[in-house]
Each structure stands twice: as structure tokens, then as C-alpha cells.
Amino acid sequence: MTTAREIMHAGCTCVREDETLESAARRMSELDVGSLPICGEDDRLHGIVTDRDIVVKCLAKGKDPKTMTAGALEQGKPITIDAEADGAQVLRAMEEHRIRRLPVISGHRLVGMISEADLARHLTEEQVGHFVEVICAAS
């Protein structure tokens, strides 16, 4: 059975809680990604910021991305998966919580991220098709 570690994209670039959303957006552009994990001083995952978050929760509300920090967008404890979880557990977690990106943890540390594209590369067409149906039905 395929594990989360085998599915994930290894090596995440974090944005710090005290970094501005402008800085986060610039880093997303440079890395060609739509989200970044938010890490604290302790190097542990505290949340995730997406390009949509920056638009909807900052720009659309008239806030300044040059002063608003990534930490201001943290909401509760992020959903994560253990690196040794199997593919079925990965899908179940993403479907249950209706999320498109899933941080992978090993020993309390962020080791990677699973996106829809990662699922498409490592799981069967049937599994990915069901995932897309569930996620799109939620939109």
C-alpha cells in the first residue's frame, strides 16, 4: 500500500507567522504554488495560508498585505496526516475535511505536503475520480 510519504511532495517552504502576506504571496509566485504552510518560531506547523486567503481575507476586506501577517490568518489546528499513513487514510482525511492540501508530519515535524496533483500521480484513476467528486460536490 502506498504511504503518505510516497505520495507527498517532500520539502516544504514555510512562511513564518510574523511574515507579511505580501511576502507570502511573493514566495508563492516564486515557487509556483497556491499555498504555504505557516510555521512558528518552534518550526512546527501552525496553519496554512492560500492565495485565496490573501485575496478574500485581506485584499477584499480592504486590509494591507504589506502589514497583515500570515499568523493573522491562522484558524484552529491544521488537519495533518502521519507520513506512514496509507493512501486510503490520506484520501479519507482529505475527503472528510474537504481539503485540497494535506500537510504530512513525521515526529511532530512537517516533512511534506500532499496536493491533488500528488494524488493524481500516485493513486488509481478511480480513487482520484472519487476524491474529485467529493471535493467538487462540497464547493
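Solvent-accessible area per residue for the range 63-127 at a 1.4 Å probe radius, Å²?
57
Starting from the Cα gyration tensor of the range 59-139, take the square roots of the eigenvalues, sort them a ≥ b ≥ c, and report rounded, prolate or oblate (rounded when a/c is under 1.5, otherwise prolate if a/b is larger than b/c, else oblate).
oblate
If each DSSP helix of 4+ residues adds -39,500 (n - 2.57) and the sum is divided by the residues in the chain, what number results at 222 nm, nearest 500 deg cm²/dmol?
Computed mean residue ellipticity for the chain: -11000 deg cm²/dmol.
In sequence order, what are the phi-derived ³J(HN,Hα) couplings for the range 40-53 according to the Karplus relation 6.51 cos²θ - 1.76 cosθ + 1.60 with θ = phi - 60°, rounded to whole Hz, with x for glycine and proline?
x, 4, 7, 6, 9, 5, 10, x, 9, 10, 10, 4, 5, 4
Have a look at the DSSP beta bridges in the range 45-139 and tell me what percent are antiparallel, nearest 5.
75
Say R0 is 30 Å: what FRET efficiency, to the nearest 0.05, do Arg26 and Cys136 get from their beta-carbon distance?
Plugging the Cβ-Cβ distance into 1/(1 + (r/R0)^6) gives 0.50.
Of the heavy-atom accessible surface of the range 1-106 (probe 1.4 angstrom), what whole percent is carbon and sulfur?
Its accessible area is 45 percent carbon and sulfur atoms.
Run the 1.4 Å probe and let me know the accessible area of His108, rounded to the nearest 10 Å².
Accessible area, nearest 10 Å²: 130 Å².
So what are the ³J(HN,Hα) numbers for the range 78-87, from phi and the Karplus equation (6.51, -1.76, 1.60; θ = phi - 60°), rounded to whole Hz, Gly and Pro as x?
For the range 78-87, the Karplus curve yields x, 6, 9, 9, 6, 4, 8, 5, 7, x Hz.
State in Å² the accessible area per residue of the range 1-54; use a 1.4 Å probe, count heavy atoms of protein chains only, and round to the nearest integer.
Using a 1.4 Å probe on heavy atoms only, each residue of the range 1-54 averages 53 Å².
The values are calculated or read from the model by the stated rules, or taken from the named source; none is laboratory data. Everything quoted here is computed from the prediction, not taken from an experiment. Glycine also receives a Cβ, built like all others from the backbone with ideal geometry; neighbour counts cover every protein chain displayed. Surface accessibility is based on the protein's heavy atoms, side chains included, excluding ligands, DNA and RNA. Shrake-Rupley method; radii C 1.70, N 1.55, O 1.52, S 1.80 Å.
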